[in-house]
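The values are calculated or read from the model by the stated rules, or taken from the named source; none is laboratory data. Since the model is a prediction, treat every value here as computed from it, not as a measurement. Neighbour counts are summed over all protein chains in view; Cβ atoms, including those assigned to glycine, are modelled from backbone coordinates with ideal geometry. Keep in mind that these areas ignore ligands, DNA and RNA; they rest on the heavy atoms of the full protein, side chains included. Shrake-Rupley method; radii C 1.70, N 1.55, O 1.52, S 1.80 Å.
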Amino acid sequence: MEPEYFIGVDISKVTLDICIVNVKGDQIAAYKTANTESSIADILGVLATNHKATPQNSCFCAEDMGLFGSFLSKVLTTGKYRICFESPLRIKKSIGIQRGKNDAIDALRIARYACANFNSLRFRTVPRRCIADLKELSTVRKRLLKTLKLLSQSKKTEDYYLQEATSLTGSSLYSNTLVAIKSDLQAIEKRILGLIESDLKLARLVKIITSVPRIGTVTAVQILIVTNEFEWITCPKKFASYCGVAPFQLKSGTSLNARARVSRLANRDLKSLIHMAAIGYAQKGRSDFLAKYYRRKIQEGKRPMSVVNAIRNKLVHRIFSCIKTDSLFVDI
């Protein structure tokens, strides 16, 4: 059913700015409310009373602000409203040159973006609880790993360059912290594995993904989170573009004719994980298909990083192919 109302929501930490427009993009009303579940539920009642806005005749759109949009997502999906969380960069580039900025104006621009691009909007479905829990655990794990890396590197530098007495003063202050972080990491990884084993569907998906050589549990978990168990992203080419391993041509007239390059607009954490999996095939001594493919392309004069990127794409297609057929990977 084509919506009668397009409702743009500008999300901030404590407030939401809401703007409602009609099918022509004309502003009907604007509201401001607190970013809490009760306040969002109240504003839905106001929209229903004042404008007859229902889940059937309205469409919500907001910028993807991560955790700040949790209450909005929960209330709208519970009420069976259509909600799209769109990339802020996509919205910014689609509306052309703009002057001035505040929350109310941003809500209006988001509403008009939804009105103009309704047919291409991707409406959000709520992930299962196990996926939400995996996302939270993975986020904490990343933070701990960054902290551990920072402190470990500082300790090595201090021990090498500073005198013994001075270095002991520095590194001894956080030696217990390093032990605690490592312990917390082990506990989180144990919880992640327990969460996977406790859900049959999740365990099956992880088993299929990790059946692809050099793809581990950490990479499998990240793939399941960003694809919502392959519901949000079902095409391997779109996933390759999302994680920054799909090359794009750079050509225009006679003045620009550069070789194809991957885009910087990507999920860099996921790209790094897939890259580490692919780079292993460039190591000497491997005899599987992709290792032979790497050596053959290098002998043909291909650039090493271009070949590694081709392997990254092949890994992505292997994963999606196995998921589509619900079968474990078998190397040839």
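Give just the number: which of (1) touching a Cys at 6+ places or on another chain (Cβ under 7 Å); (2) over 28 Å from Val126 (Cα atoms) does Ser263 not satisfy?
(1)
Contact list please: Cβ distance under 7 Å, first residue in region 223-247 and closer than 20 Å to Phe123 by Cβ, second residue among the charged types (D, E, K, R), pairs at least six apart or on different chains.
From residues that are closer than 20 Å to Phe123 by Cβ, the pairs are Ile225/Lys135.
Can you tell me which residue in region 180-203 is farthest from Asn228 (Cα to Cα), limited to those that are without any contact (Cβ under 8 Å) to a residue 24 or more places away in the chain and small (Gly, Ala, Ser)?
Ala180
What do you reckon, is Asp106 among the acidic types (Asp, Glu), crowded, with 19+ Cβ neighbours inside 10 Å and at pLDDT 90 or above?
For Asp106, the condition - among the acidic types (Asp, Glu), crowded, with 19+ Cβ neighbours inside 10 Å and at pLDDT 90 or above - is met.
For region 248-275, which positions are among the aliphatic types (A, V, I, L, M), in contact (Cβ under 8 Å) with a residue 24 or more places away in the chain and open to solvent by 60 Å² or more (accessible area, probe 1.4 Å)?
Answer for region 248-275, where residues must be among the aliphatic types (A, V, I, L, M), in contact (Cβ under 8 Å) with a residue 24 or more places away in the chain and open to solvent by 60 Å² or more (accessible area, probe 1.4 Å): just Leu265.
Return the pair list, or none, for Cβ contacts closer than 9 Å from residues in region 1-28 that are closer than 20 Å to Asn50 by Cα to residues that are among the charged types (D, E, K, R) and in a loop (DSSP other than H, G, I, E, B), at least 6 apart or on different chains.
Once the first residue is closer than 20 Å to Asn50 by Cα and sits in region 1-28, its partners that are among the charged types (D, E, K, R) and in a loop (DSSP other than H, G, I, E, B) give Glu4/Lys52; Tyr5/Lys52; Asn22/Glu4; Val23/Glu2; Val23/Glu4.
Can you name the residue in region 65-78 that is open to solvent by 70 Å² or more (accessible area, probe 1.4 Å) and not hydrophobic (A, V, I, L, M, F, W, C) and, of all such residues, is nearest to Val226 (Cα to Cα)?
Per the criteria, the residue is Lys74.
Could you pull out every one of the helices (runs of 4 or more DSSP H) wholly within region 249-332 that has 1 or more residues that are under 25 Å from Lys135 (Cβ atoms) and out of contact with any His (no Cβ under 8 Å at 6 or more places or on another chain)?
268-279, 304-325
Six or more apart or on different chains, Cβ under 6 Å: which pairs go from a residue in region 52-67 that's under 20 Å from Glu86 (Cα atoms) to one that's open to solvent by 30 Å² or more (accessible area, probe 1.4 Å) and in a strand (DSSP E or B)? Could you list them?
Ser58/Tyr5; Cys59/Arg82
Right, Ile131: closer than 30 Å to Asp17 by Cα, open to solvent by less than 70 Å² (accessible area, probe 1.4 Å) and either at pLDDT below 90 or of a type in the set (A, V, I, L, M, F, W, C) (or both) or not?
In short, yes.
Pull out all pairs, ordered by first then second residue, where Cβ-Cβ is under 7 Å, the residues are six or more apart or on different chains, the first lies in region 76-89 and is closer than 20 Å to Asn119 by Cβ, and the second is acidic (Asp, Glu) and open to solvent by less than 50 Å² (accessible area, probe 1.4 Å).
Close Cβ pairs satisfying both conditions: Glu86/Glu63.
Residues in region 221-244: is at least one in a strand (DSSP E or B), touching a helix residue (DSSP H, G or I) at 6+ places or on another chain (Cβ under 7 Å) and either under 22 Å from Val307 (Cβ atoms) or open to solvent by less than 70 Å² (accessible area, probe 1.4 Å) (or both)?
Checking region 221-244: not a single residue is in a strand (DSSP E or B), touching a helix residue (DSSP H, G or I) at 6+ places or on another chain (Cβ under 7 Å) and either under 22 Å from Val307 (Cβ atoms) or open to solvent by less than 70 Å² (accessible area, probe 1.4 Å) (or both).
Condition check: under 14 Å from Gly8 (Cα atoms) and either assigned to a helix (DSSP H, G or I) or open to solvent by 50 Å² or more (accessible area, probe 1.4 Å) (or both). Does Leu89 satisfy that?
no
Residue under question is Lys314, and the condition is that it be in contact with a Leu (Cβ under 8 Å, 6 or more places away or on another chain), of a type in the set (D, E, K, R) and surrounded by 15 or more Cβ atoms within 10 Å (Cβ to Cβ); does it hold?
Against the criterion (in contact with a Leu (Cβ under 8 Å, 6 or more places away or on another chain), of a type in the set (D, E, K, R) and surrounded by 15 or more Cβ atoms within 10 Å (Cβ to Cβ)), Lys314 qualifies.
Got at least one residue in region 48-63 being among the acidic types (Asp, Glu), surrounded by fewer than 21 Cβ atoms within 10 Å (Cβ to Cβ) and at pLDDT below 95?
no
Quick one: how many residues across region 8-34 are in contact with a Ser or Thr (Cβ under 6 Å, 6 or more places away or on another chain) and open to solvent by less than 10 Å² (accessible area, probe 1.4 Å)?
Going through region 8-34 one residue at a time, the tally reaches 1.
Counting residues that are closer than 23 Å to Arg128 by Cβ and touching a helix residue (DSSP H, G or I) at 6+ places or on another chain (Cβ under 9 Å), which strands (runs of 3 or more DSSP E) fully inside region 1-81 reach at least 2?
Fully inside region 1-81 and qualifying: 58-63.
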